[in-house]
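Coordinate-derived values only; no laboratory data. Just so it is clear, the structure is predicted and the values come from calculations on it, not from any experiment. Neighbour counts run over all protein chains shown; Cβ positions are idealised from the backbone, glycine included.
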């Protein structure tokens, strides 16, 4: 436990050193301004998407940026040769990303509650945020560990953003009806969107269960079968 706490403090220090935490807060403050300037109905529509942006896509980008900064600095090899298991090292990194996302969560959801009077299931939204961050950091590690540099990771994140937009376009245009929208659950951002929408509106229970199960399955499969093995190889390459 002491080792985990020491590693976590180191991760938070690096997030400050690399300006990653500052950048994340700056983006969240932009969302706060948007929420403050919009009417209640618009804010109610936007809040789940803004939380999704920070908890999902931003988590991938911030994790990747931190990874390549740390690799460039050369501190990664030093940590890998310590008598600390890789699981504990990665757990500290994931927890640090969760803490960053929770800061954004407090800013975005707090501003929605302050500037607009509409019901939000804060507890459910909080748990959904934890689940989304955990699943997307796993995705972020896979994208990062198989990228040459941050720009290549960024390109791949752009593809994820495109996939995220697909259901938002096809379902309203009725190209894909709601009867068949379950096919989009394979897209992690769509499953995340379903969870977040359920915190401000009504979502069928089966959709919430499928989305939650799928997002739990992602890290459960990616970490033991891909990330643990690949991380050690890439980290020691320098």
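Give the Rg/Rh ratio for the range 71-114, taking Rg as the radius of gyration of the Cα atoms and Rh as the Kirkwood radius, to two decimals. Walk me through the numbers before you get to the answer.
Numbers: Rg = 15.8 Å, Rh = 12.6 Å.
Computed over Cα atoms, the ratio is 1.25.
Sorted by mean Cβ packing within 10 Å, highest first, what order do the peptides 11-22, 187-198, 92-103, 70-81 take? List each step's numbers first, then the result.
Details: 11-22: 16.2, 187-198: 22.4, 92-103: 20.7, 70-81: 13.6.
Ranked by mean Cβ neighbours within 10 Å, highest first: 187-198, 92-103, 11-22, 70-81.
Would you mind pulling out the separation of the Cα centroids of the range 103-121 and the range 58-79, in Å?
Here the answer is 31 Å between Cα centres.
Going by a ≥ b ≥ c, the root eigenvalues of the Cα gyration tensor, does the range 75-188 fall in the rounded group (a/c under 1.5), the prolate group (a/b larger than b/c) or the oblate group?
Since a/c reaches 1.5 but b/c is at least a/b, the shape of the range 75-188 is classed as oblate.
To check my understanding: the extent here is largest minus smallest coordinate of the Cα atoms along each principal axis. What are those three numbers for the range 138-214, in Å, largest first?
For the range 138-214, the Cα extents along the three principal axes come out at 41, 26, 20 Å.
So how far apart, in nm, are the two label points at residue 166 and residue 152 if each is 7 Å from Cα heading toward Cβ?
2.3 nm
Any chance you could list P(r) for the chain, counting all Cα-Cα pairs in 10 angstrom bins from zero, rounded to whole %?
7, 31, 35, 20, 6, 0
Compute the whole-percent fraction of alpha carbon pairs in the range 1-104 spaced more than 18 Å apart.
Value for the range 1-104 (Cα pairs over 18 Å): 52 percent.
Can you compute the FRET efficiency between residue 87 and residue 203 using 1/(1 + (r/R0)^6), with r the Cβ-Cβ distance and R0 = 22 Å? Round to the nearest 0.05.
The computed FRET efficiency comes out at 0.05.
Mean separation of Cα pairs under 8 Å and 6+ residues apart, divided by the residue count of the chain: what relative contact order is that in percent? Write out the running numbers ahead of the final one.
Working: 238 pairs, mean separation 68.7, N = 238.
Worked out over the chain, it gives 29 percent.
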